[in-house]
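What follows is a short report on a single structure.
The values are calculated or read from the model by the stated rules, or taken from the named source; none is laboratory data. Worth saying up front: this structure is predicted, and the values here are computed from it rather than measured. Cβ placement follows ideal geometry from the backbone for every residue including glycine, while neighbour counts extend to all protein chains displayed. We work out accessible area using only protein heavy atoms, side chains counted, and drop any ligands, DNA or RNA first. Shrake-Rupley method; radii C 1.70, N 1.55, O 1.52, S 1.80 Å.
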Amino acid sequence: MTTGDEPLRLDGRVAIITGAARGIGDATARAFALCGATVALCDRLETETFHGYEDTVSHEDGTPRTLRRVLDVRDGEAVAGFVDEVAAACGRVDILVNNAGGTFAAPLLGTSESAEERLVAENFSQVTRLVRLVVPHMPHGGAIINVTSVEAHQAAPGFAIYAAMKAAVENLTKSLALELAESGIRVNAIAPDALSSAGERETREQFLVHEMPFDPVHMPPLGFFGSPDDAAWATVFLASDAARFITGTTLHVDGGTHAAGGWRRRN
């Protein structure tokens, strides 16, 4: 694969994006479509934006320009059916964006075993399942992008299981990069933080309600919050020919939060 005049273009490529109903997933779907990709989207939510993808015009050869399905990524049977449908309709899957995930605020001792199992399934097991299902349909030059979090790289009191699973995905990214290198498939991750979105606001509100003894950093070093679009375009880059020599790495999209460690901006 060689870079052309427009290395960020994704024309002719088929991308599966999970958790596409809002936030980073929705922004990524829009960015990929803008760059020419066929997008196959799934989410368990039925938002107005997500519903709008249903009426997208098809390609001239009859393959879909957009395929949208409402499903829970923890449902193995539903996910397998979705991947099979995409592969049958489009002939292959060039890009997989594992964006779906979720959490809630609770100390570890206040998290039941069943709640822990749900967090593991939502933030880790579904990622490995999708990789197993998609890679057989992925040609040489394919790309997998896993969406983790800054919590994969630092302590996360109140979100211990979530953070541990994101760290697991970050490590999985490195291992897969080596395992799939011979097949010409690149595997990278992005670790977002400080992006203003509904999900980010909900998590912060939960944190305050539970009166956790630790306070998260409120302002990233750059002095402003980013948006889901910032993560979306980082994902486009990692999926594109512009990143053809990048694999096994994590791109931090966080305004400098990871670099800051425990330092906090005063104003």
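Annotations for the structure displayed:
- The residue that is modelled with the lowest pLDDT, counting only those in segment 54-82 that are closer than 20 Å to residue 29 by Cα and open to solvent by less than 30 Å² (accessible area, probe 1.4 Å), is 64.
Residues checked against (1) closer than 19 Å to residue 138 by Cβ; (2) within 17 Å of the chain's Cα centre (by Cα); (3) open to solvent by less than 40 Å² (accessible area, probe 1.4 Å):
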{"site": "33", "(1), (2), (3)": "no, yes, yes"}
{"site": "37", "(1), (2), (3)": "yes, yes, yes"}
{"site": "97", "(1), (2), (3)": "yes, yes, yes"}
{"site": "113", "(1), (2), (3)": "no, no, no"}
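- Qualifying position, being within 22 Å of residue 245 (Cβ to Cβ), modelled with pLDDT of 95 or more and out of contact with any Ser or Thr (no Cβ under 8 Å at 6 or more places or on another chain), among 176, 133: 176
- Odd one out for residue 49, checked against (1) of a type in the set (Val, Ile, Thr); (2) open to solvent by 10 Å² or more (accessible area, probe 1.4 Å); (3) in contact with a Ser or Thr (Cβ under 9 Å, 6 or more places away or on another chain): (3)
The rows are residues; the columns are (1) at pLDDT below 65; (2) in contact with an Asp or Glu (Cβ under 7 Å, 6 or more places away or on another chain).
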position	(1), (2)
190	no, no
194	no, yes
198	no, no
201	yes, no
213	no, no
225	no, no
233	no, no
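- Residue within segment 1-21 that is closer than 24 Å to residue 70 by Cα, in a helix (DSSP H, G or I), touching a strand residue (DSSP E or B) at 6+ places or on another chain (Cβ under 7 Å) and modelled with pLDDT of 95 or more present: no
- Taking the criterion of being open to solvent by less than 20 Å² (accessible area, probe 1.4 Å) and more than 22 Å from residue 146 (Cα to Cα), the only residue of segment 220-234 that qualifies is 220.
- Segment 161-187 - residue that is surrounded by 23 or more Cβ atoms within 10 Å (Cβ to Cβ) and not hydrophobic (A, V, I, L, M, F, W, C) and, of those, farthest from residue 102 (Cα to Cα): 186
- Tabulated pairs, segment 89-106, first within 23 Å of residue 37 (Cα to Cα) and at pLDDT 95 or above, second part of a loop (DSSP other than H, G, I, E, B) and of a type in the set (Lys, Arg), C-beta under 8 angstrom, 6+ apart or interchain: 94/13; 95/13
- Residue 167 vs. criteria in contact with a strand residue (DSSP E or B) (Cβ under 7 Å, 6 or more places away or on another chain), at pLDDT 95 or above and of a type in the set (Gly, Ala, Ser): no
- Count of residues meeting criterion [open to solvent by 20 Å² or more (accessible area, probe 1.4 Å), among the polar types (S, T, N, Q) and modelled with pLDDT of 95 or more] in segment 235-267: 3
- Tabulated pairs, segment 71-87, first among the small types (Gly, Ala, Ser), second open to solvent by less than 30 Å² (accessible area, probe 1.4 Å), C-beta under 6 angstrom, 6+ apart or interchain: 78/71
- For segment 79-99, the condition of being over 25 Å from residue 183 (Cα atoms) and small (Gly, Ala, Ser) holds for none of the residues.
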